[in-house]
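Visitor: Please find one structure pasted underneath; my questions will follow.
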Amino acid sequence: MEVQMNEELKEQVQDQVSEESSETEEQAPAVLGDTRKKKSVLIPVLIILFIILVIIAGYFYATYSPQIRHISKNALAVAKVDIPKLIKKSGAMKKGEIDEEIISALEDYNLEALVKDPRSTGLITAKPSYLFGEFDTKENIPYIFLVMPIANAEKVYSFAKNIALPNGKELPVSKKSGIYEMEINGISCMWAGKSMVMGMTDPDKDNDLSKKVKNYLTQDKSACITANKDFPSRGLRGHDITLWANLDGMAHIAQKGLKDAQGNVNRLISQRKRRDELIDYYYENNLYHFYRYWEFMDQIRVDNPENVFESVLLALVYDGKIPMDAVIDLPTNLYKTYFSFSADFDKGKLVSSVKFETTPERQKKLESVITDAVNVKDLYPYVPTEGLIMLSSVKTNYPKLYALSEKRIDKLTKSITDPEISKFMKHLNKLADGSGIIAINILDEKEDPFITLVASVKNNKGVQDLLKDMGREGMLSKDGKYYYLDDLIFFFEDNVMICTTNNNNYKKSNRGLEGTLAREMNKNPLNMTMDCAVLKDLKHVFSDEEEDALEMFAKLNANVKTKSGTPNELKVELTFSDKKHNCLKQVKDYLSDIDNFWDEITKEIMYSVSYRAERDDTYPEPDYEIPREVIEETGPIADFDTLY
């Protein structure tokens, strides 16, 4: 019985399975049809996504260069120069169009392969090159480095060995441990794999250049500039030339350098003052009848500054008009500030822009300087328009701009010991309203252009009070409403100051800005336009070559753009007369028309390299000492009557 039940159960299960399978077979065509529809829709989507990914990957491959890993993390400035793109735009390497003068200039030094067979040099790639600079704060030495992609290291070595320097010299090229090297005075160059790094500095102060070059050639990507959080790596993409500068880092280095320079600069000032006293003594007592000038002056020691910071500080404070503390404080204005520049060479124009980035707090302060600016429209009736060459406008709120630096100015005023300067500093806080227009005009091509500044002084008349004080002090003359200061004439009409270099021509010129120019001058915080075509008519000012150069240009425009009400970008566009060809090609053609240009510039470079390649022991050192009597600055001045 149990067996019979099992058989009946098995039959029921089989029947159920057969029914389900038959239903499945009936439904299968419908399900397959839906699946095919989904696949037919999905395939085009996947293809589009794949194409987009390929384009993105291709863009990043084309714009990203592995050479960036050779840039120092502490670089203060980084520039990208897309040499292959620039060469293509200039047409310098186009087959059948290579200038014979260029080839001839290169042949003298076995460099013609650069244009005849570039691939054989191993230097030609599609990647951009980089320049970067850094500063050794311990030794106060600046360094400049070039990072360049190469195609084949061995070919570069062969090409470099074949270069013929002037006077029969050869480049000192060698290979050590897989790295190719070239060392000449003040320059170190190394390459391996697909990269070349070249460093340059002052050879008299440096002994570590080659170590630095090797370190950057072999360093890991984690130690390069991309590890610097302030560096905008994306900002270097998409332009023919780009530059980023860490003004914050430069400012900190500058302030420390100026502070450290104080002691020695005070000593150098003391030496120079004693020298001045000695010069006065020499001439006042007619000693030139008895002693030669330099023999006499050799009796006092005057040292030179030891570095760039000492040179700058000495130059600014030696005459005593600018306090040393004020100079040392100047770099702090650039804290937390970064600078970027880009340039593109296009058909018929050159476009460049400069951007500044600073702290949100500083941006907010600058915003009110722009948003509360005085309108320049009130100045239009006083602007000379006849023979206009250049026109520029500035829109700011001067009192608010002054307030941003008021504490620093007050500190500077208190530290100035010159009573004449202090007297005039009191007018600074209310000098003008802050908006003005500058015009350069020419009425006659035989005359020089004249310049006119028109500025609003409706609410702030400090410049007028300043001119009155200068008149009372005899520093300028006054005739009626006109103030005369050297070649400048100042006068005031209806709360407007006019300053011009030629009042007669200003009076003769038509005045009243209107139309397109008027609209352009009121667009941004800073606007500028220049008509280059008018400049070329000044035949008495420019040489023939300069006139030919001006023939290339049509117009120059510049303006400052704002971001969230804050000025942060200066955009400059130079339009060329020829709108059909790339502007870089036009510049190259102009240079090629100059007699022996390529020959002279190639010769200059190669002789400079040859000079640096000279060994230190090429010329024998003198085996004698030049006697010189020196009196230290702390010692007494010599008894001049007993010199001989």
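The values are calculated or read from the model by the stated rules, or taken from the named source; none is laboratory data. Everything quoted here is computed from the prediction, not taken from an experiment. Here the Cβ is made from the backbone with ideal geometry for all residues, glycine too, and neighbour counts use every protein chain on show. SASA here: full protein model, heavy atoms, side chains in, ligands and nucleic acids out. Shrake-Rupley method; radii C 1.70, N 1.55, O 1.52, S 1.80 Å.
Visitor: Taking the residues in segment 156-199 that are of a type outside the set (A, V, I, L, M) and open to solvent by less than 20 Å² (accessible area, probe 1.4 Å) as candidates, determine which candidate is farthest from Ser72 (Cα to Cα). Working first, answer last.
Guide: Pass one, segment 156-199, residues of a type outside the set (A, V, I, L, M): 157-159, 161-162, 166-170, 172, 174-178, 180-181, 183, 185-186, 188-189, 191, 193-195, 199.
Now narrow it down to the ones that are open to solvent by less than 20 Å² (accessible area, probe 1.4 Å): 166, 180, 186, 188-189, 191, 195, 199.
Values: Pro166: 34, Tyr180: 20, Gly186: 19, Ser188: 16, Cys189: 16, Trp191: 16, Ser195: 15, Gly199: 12 Å.
Looking at residues that are of a type outside the set (A, V, I, L, M) and open to solvent by less than 20 Å² (accessible area, probe 1.4 Å), I get Pro166.
Visitor: Can you give me the number of residues within segment 63-104 that are at pLDDT 80 or above, of a type outside the set (Ser, Thr, Tyr) and under 24 Å from Tyr130 (Cβ atoms)?
Guide: 22
Visitor: What residue, among those in segment 493-514 that are open to solvent by less than 40 Å² (accessible area, probe 1.4 Å) and not β-branched (Val, Ile, Thr), is farthest from Ile370 (Cα to Cα)? Working first, answer last.
Guide: Pass one, segment 493-514, residues open to solvent by less than 40 Å² (accessible area, probe 1.4 Å): 496-500, 503, 505-506, 509, 512-513.
Add one more test, that the residue is not β-branched (Val, Ile, Thr), and what stays is 497, 499, 503, 505-506, 509, 512-513.
Details: Met497: 21, Cys499: 24, Asn503: 32, Asn505: 33, Tyr506: 30, Ser509: 31, Gly512: 25, Leu513: 22 Å.
Of everything passing the filter in segment 493-514, Asn505 is farthest from Ile370 (Cα to Cα).
Visitor: Also, I was wondering about something else. If Ile300 passes every condition in (1) among the β-branched types (Val, Ile, Thr); (2) buried (at least 17 other Cβ atoms within 10 Å of the Cβ); (3) modelled with pLDDT of 80 or more but one, which one does it miss?
Guide: Condition (3) is where Ile300 drops out.
Visitor: Do you know which of the residues in segment 443-484 that are part of a loop (DSSP other than H, G, I, E, B) and in contact with a strand residue (DSSP E or B) (Cβ under 6 Å, 6 or more places away or on another chain) is surrounded by the fewest Cβ atoms within 10 Å (Cβ to Cβ)?
Guide: Restricting to residues being part of a loop (DSSP other than H, G, I, E, B) and in contact with a strand residue (DSSP E or B) (Cβ under 6 Å, 6 or more places away or on another chain), the top hit is Lys481.
Visitor: Ok, one more. Identify, by number, the condition in (1) crowded, with 18+ Cβ neighbours inside 10 Å; (2) in the same structural domain as Gly263 (by the TED database); (3) aliphatic (A, V, I, L, M) that Leu334 doesn't meet.
Guide: (2)
Visitor: For segment 518-552, give me each residue that is open to solvent by 40 Å² or more (accessible area, probe 1.4 Å) and hydroxyl-bearing (Ser, Thr, Tyr).
Guide: Within segment 518-552, just Ser543 meets the criteria.
Visitor: Using the structure shown, decide if Ile124 is open to solvent by 60 Å² or more (accessible area, probe 1.4 Å), without any contact (Cβ under 8 Å) to a residue 60 or more places away in the chain, touching a helix residue (DSSP H, G or I) at 6+ places or on another chain (Cβ under 7 Å) and farther than 23 Å from Lys349 by Cβ.
Guide: yes
Visitor: Here's another thing I want to ask about it. Which is modelled with pLDDT of 90 or more and closer than 28 Å to Tyr607 by Cα, of Lys211, Lys205?
Guide: On the way: Lys205 fails: modelled with pLDDT of 90 or more.
Checking each option against the conditions leaves just Lys211.
Visitor: I would also like to ask the following. Restricting to segment 145-193, count the residues that are in a helix (DSSP H, G or I), under 32 Å from the mean Cα position of the chain (by Cα) and over 23 Å from Glu600 (Cα atoms). So that I can check it myself, show each step before the final result.
Guide: Of the residues in segment 145-193, the ones in a helix (DSSP H, G or I) are 153-162, 166-168.
With under 32 Å from the mean Cα position of the chain (by Cα) added as a condition, the list becomes 153, 156, 160.
Applying the additional criterion that residues be over 23 Å from Glu600 (Cα atoms) yields 153, 156.
So the answer is 2.
Visitor: Okay, moving on. Quick test for you: out of Lys355, Lys364, Lys347, Lys377, pick the one residue that is surrounded by fewer than 16 Cβ atoms within 10 Å (Cβ to Cβ), closer than 27 Å to Asp248 by Cβ and either in contact (Cβ under 8 Å) with a residue 60 or more places away in the chain or more than 27 Å from the chain's Cα centre (by Cα) (or both).
Guide: On the way: Lys355 fails: surrounded by fewer than 16 Cβ atoms within 10 Å (Cβ to Cβ); Lys347 fails: closer than 27 Å to Asp248 by Cβ; Lys377 fails: closer than 27 Å to Asp248 by Cβ.
After ruling out the rest, the residue left standing is Lys364.
Visitor: Kindly establish whether Tyr216 is over 24 Å from Glu306 (Cβ atoms), open to solvent by less than 50 Å² (accessible area, probe 1.4 Å) and free of Cβ contacts under 8 Å to residues at least 24 places away in the same chain.
Guide: No; evaluated as a whole, the condition is false for this residue.
Visitor: Of everything in segment 134-155, what is farther than 13 Å from Leu217 by Cβ, open to solvent by less than 30 Å² (accessible area, probe 1.4 Å) and among the aliphatic types (A, V, I, L, M)? Give them in sequence order.
Guide: Ile141
Visitor: Then there's this: Give segment 154-179 a look and list any residue that's of a type in the set (Gly, Ala, Ser) and closer than 14 Å to Leu111 by Cβ, or say none.
Guide: Ser158, Ala160, Ala164 - these are the residues of segment 154-179 that are of a type in the set (Gly, Ala, Ser) and closer than 14 Å to Leu111 by Cβ.
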